[in-house]
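The values are calculated or read from the model by the stated rules, or taken from the named source; none is laboratory data. Predicted, not measured: the structure shown is a model, and the values here were computed from it. Don't worry about glycine lacking a Cβ; one is built from the backbone with ideal geometry, like all the others, and counts go over all protein chains shown. Heads up: the accessible areas ignore ligands, DNA and RNA and are worked out on the full protein's heavy atoms, side chains in. Shrake-Rupley method; radii C 1.70, N 1.55, O 1.52, S 1.80 Å.
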Amino acid sequence: MISRFFIERPIFANVIAIVTVIIGLICLAKLPVAQYPQIIPPTIQVSTRYPGASADVVAATVGVPLEQAVNGVDNALYMSSTSSNDGSYTLTVTFDVGTDLNTSLALVQNQVNSALAQLPGNVTQQGVTVKKVSTNILLVVSLYSEDAQFDGSFLSNYAIINLQNPLARLPGVGQVRVFGAGPYAMRVWLDPDRLKYFNLTASDVVNAIQNQNVQVVAGQLGAPPVPSDQALQFTIGALGRLSTVSQFEDIVVKSDNSATAQIVRVRDIGRVELSRQSFANYARTDGRRSAQIVVFSLPEANAIAVANRIYQAMAEMSKHFPKGLSYGIHYDTTRFVREAIHGVYETLFEAAILVLLVIMVFLQDVRAVLVPATTVPVTIIGAFIAMALLGFTVNLMTLFALILAIGIVVDDAIVIVENAAYYIERGLAPKDATIKAMGEMTGPVMGITLVLTAVFLPAAFLPGITGQLFRQFALVIASIAIISAINALTLKPAQCALWLKPHAQDKPSNWFYRGFNSAYGWCGAQSSWWPCFLLSSSLPGGTLRASRPVSCPPRIRAMPSLSPGCLTRQPSPGRGRWQRRSVPFSGKRRAWLIG
């Protein structure tokens, strides 16, 4: 018998429990914290731009080749694309829940590369981006000016240059996007009448800007091979990509080598200004112009830990803000998660206290209560080991499973304590009584565990998002049942053999227990008469008789020997035992008494 091994070696049993608690606490500190399990299908986003093209042109020249190439990628559920009049294109590929996005990312990238040759040249120059995207917004940082001295373009560019990359480097951050006025751009507004006067078109201006706004490599002076008397070597620096309004205004669009030597520059046919790239977007916070920094977390990241890092990073970077620039985090999804998890933890603690109080009231023995009391922390904390091995997170579903399991984990311990106390009252030593009790209870404990596991495991095989939601709930309860059984077969017998003592028969119980036993006995007497009457009246000439006292708690027992009389609950002096009271009925029948 496995329990006898631990009864004779209680230190070994305690070491197993202590190690379980230590490893469980380590897993709890490492487990991600989220509101719900990962039930949202993961996505991969393909994005690019076709400057100057309409939505129809983007859909026809960019969307069709990319969608035909990506279609049919492994584990993909569906695709959705968006083409805008500003030339932007976004293709979102949604995959099945549980798909490894790292593998899918490589597959999508290969498919996109095969379609690059079919895209317009301007699109390939812009580049095609393929990246994992989380659909869950973690929080939004609002960057604004208190005195309105900064416009939307400045705020957006400051966020892109100084805040976006540091936030994206934080562990657990999947993506950082800046919404608002957008980045700066050099905008050239052309005058159609001036273009017609100089016999030019818009494409001539675009070609001139592209040809002259380049990074020029001018070479070196005095580079080898050189004469022996050459002493110095210089690298020539030339004007490269243009950056100011005046430089763009000086771009030569047309030169005429005729007698008049006419030169047409950009400022002659239009005006140049440094402005925002797009006027279609804007952002405001409390009526003030702002830039919104939207942070997405990785699917496997700890949402609360990532949010804490962002709060700390923003506090550090805000020390270097220009005067008058402020920030605020008004949208934070982890606030609800924190409150919800905190409330569940409180409920978990209250449920544990309530269960122990109920056990104390009914067992009426402090030593007996200590055995199931130590079961709760060992099994509940040990459940975090199973959660870590199964890849689960600390969320509302898994914590709800822990709350529900508190009343389950103490059942095995209560049954073992009751059976050991039964034999101790009959004169056996605590160790011998526990060995005898475990000889009877090992099979039932294993049977209870198998039944509980069989009840909850089928829920883990539900398909789709519903199955993903309830899978963690079912597997956590099944894991707790297994851990509780291991604890009941190792630590509980050792504790019963060491802690349980025979009761002094001459020592009366306190007033609370006496009152509780009296009230419980009265309620039992009132509630058991009617079932006996109905059961006996349904049998022709039925009779109920108890052949021996029955111990609390009531169970279903067979009474083969029946004669005039009926068993009702009457308290006896010893720990809530039942006594027999005769109630006349006629005849003799075999019956079941449901206590």
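Looking only at the stretch 64-78, which residues are open to solvent by 60 Å² or more (accessible area, probe 1.4 Å) and not in a helix (DSSP H, G or I)? Answer for the stretch 64-78, where residues must be open to solvent by 60 Å² or more (accessible area, probe 1.4 Å) and not in a helix (DSSP H, G or I): N71, G72, D74, N75, L77, Y78. For the list (1) crowded, with 19+ Cβ neighbours inside 10 Å; (2) modelled with pLDDT of 85 or more, I need the number of the one condition that A303 fails. Among (1) crowded, with 19+ Cβ neighbours inside 10 Å; (2) modelled with pLDDT of 85 or more, A303 violates only (2).
One line per residue, one yes/no per condition, for (1) open to solvent by less than 20 Å² (accessible area, probe 1.4 Å); (2) touching a Pro at 6+ places or on another chain (Cβ under 6 Å); (3) over 22 Å from L170 (Cβ atoms); (4) of a type outside the set (V, I, T):
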site	(1), (2), (3), (4)
V272	yes, no, yes, no
R276	no, no, yes, yes
A280	no, no, yes, yes
S290	yes, no, no, yes
L298	no, no, no, yes
V337	yes, no, no, no
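May I ask you to verify whether R267 is under 23 Å from P183 (Cα atoms), surrounded by 11 or more Cβ atoms within 10 Å (Cβ to Cβ) and touching a helix residue (DSSP H, G or I) at 6+ places or on another chain (Cβ under 6 Å)? Answer is no for this residue. Among the residues making up the stretch 105-126, those that are small (G, A, S), at pLDDT 90 or above and either open to solvent by less than 60 Å² (accessible area, probe 1.4 Å) or within 30 Å of G467 (Cα to Cα) (or both) are A106, A115.
Condition (residue is part of a loop (DSSP other than H, G, I, E, B) and open to solvent by less than 40 Å² (accessible area, probe 1.4 Å)) applied to the stretch 49-63: is it met by at least one residue? Checked against the condition, which is being part of a loop (DSSP other than H, G, I, E, B) and open to solvent by less than 40 Å² (accessible area, probe 1.4 Å), the stretch 49-63 yields at least one hit. Candidates are the residues of the stretch 20-47 that are touching a Leu at 6+ places or on another chain (Cβ under 8 Å) and either at pLDDT 85 or above or open to solvent by 50 Å² or more (accessible area, probe 1.4 Å) (or both); the one that is nearest to D96 (Cα to Cα) is I44.
Within 18 Å of T20 (Cβ to Cβ) and open to solvent by 10 Å² or more (accessible area, probe 1.4 Å): which single residue out of I414, I353, I380 fits that description?
Values: I414 fails: within 18 Å of T20 (Cβ to Cβ); I353 fails: within 18 Å of T20 (Cβ to Cβ).
Answer to the check: I380.
Taking the conditions (1) open to solvent by 20 Å² or more (accessible area, probe 1.4 Å); (2) over 19 Å from M446 (Cα atoms) in turn, A368 satisfies each one other than (1). Taking the stretch 457-490 as the range and being farther than 30 Å from F12 by Cβ, in a helix (DSSP H, G or I) and either open to solvent by less than 40 Å² (accessible area, probe 1.4 Å) or in contact with a helix residue (DSSP H, G or I) (Cβ under 8 Å, 6 or more places away or on another chain) (or both) as the test, the residues that pass are L457, P458, A459, A460, F461, G467, L469, F470, R471, Q472, F473, A474. Taking the stretch 348-372 as the search range and keeping residues that are modelled with pLDDT of 80 or more and within 30 Å of the chain's Cα centre (by Cα), which one is farthest from Y520 (Cα to Cα)? Result: F349. The condition of being open to solvent by 20 Å² or more (accessible area, probe 1.4 Å), modelled with pLDDT of 80 or more, among the hydrophobic types (A, V, I, L, M, F, W, C) and in a helix (DSSP H, G or I) does not hold for I310. So in the stretch 148-196, with the set limited to residues that are over 30 Å from R265 (Cα atoms) and touching a Lys or Arg at 6+ places or on another chain (Cβ under 6 Å), which one is modelled with the lowest pLDDT? Looking at residues that are over 30 Å from R265 (Cα atoms) and touching a Lys or Arg at 6+ places or on another chain (Cβ under 6 Å), I get G152.
Of the residues that make up the stretch 182-195, is at least one under 30 Å from N136 (Cβ atoms) and in contact (Cβ under 8 Å) with a residue 12 or more places away in the chain?
Of the residues in the stretch 182-195, the ones under 30 Å from N136 (Cβ atoms) are 182-183.
With the extra rule that they be in contact (Cβ under 8 Å) with a residue 12 or more places away in the chain, the set shrinks to 182-183.
So far as the stretch 182-195 goes, yes, one or more of its residues are under 30 Å from N136 (Cβ atoms) and in contact (Cβ under 8 Å) with a residue 12 or more places away in the chain.
In the stretch 226-248, the residues that are part of a strand (DSSP E or B) reach residues that are surrounded by 10 or more Cβ atoms within 10 Å (Cβ to Cβ) with C-beta atoms within less than 7 angstrom, at least six apart or across chains, in these pairs: F234/Q220; F234/L221; F234/G222; T235/Q220.
Could you list, in sequence order, all residues of the stretch 24-48 that are of a type in the set (A, V, I, L, M), closer than 25 Å to A106 by Cα and outside any loop (DSSP other than H, G, I, E, B)?
Just the residues of the stretch 24-48 that are of a type in the set (A, V, I, L, M), to begin with: 25-26, 28-29, 31, 33-34, 39-40, 44, 46.
Within this subset, residues satisfying the condition of being closer than 25 Å to A106 by Cα are 39-40, 44, 46.
Answer for the stretch 24-48, where residues must be of a type in the set (A, V, I, L, M), closer than 25 Å to A106 by Cα and outside any loop (DSSP other than H, G, I, E, B): I44, V46.
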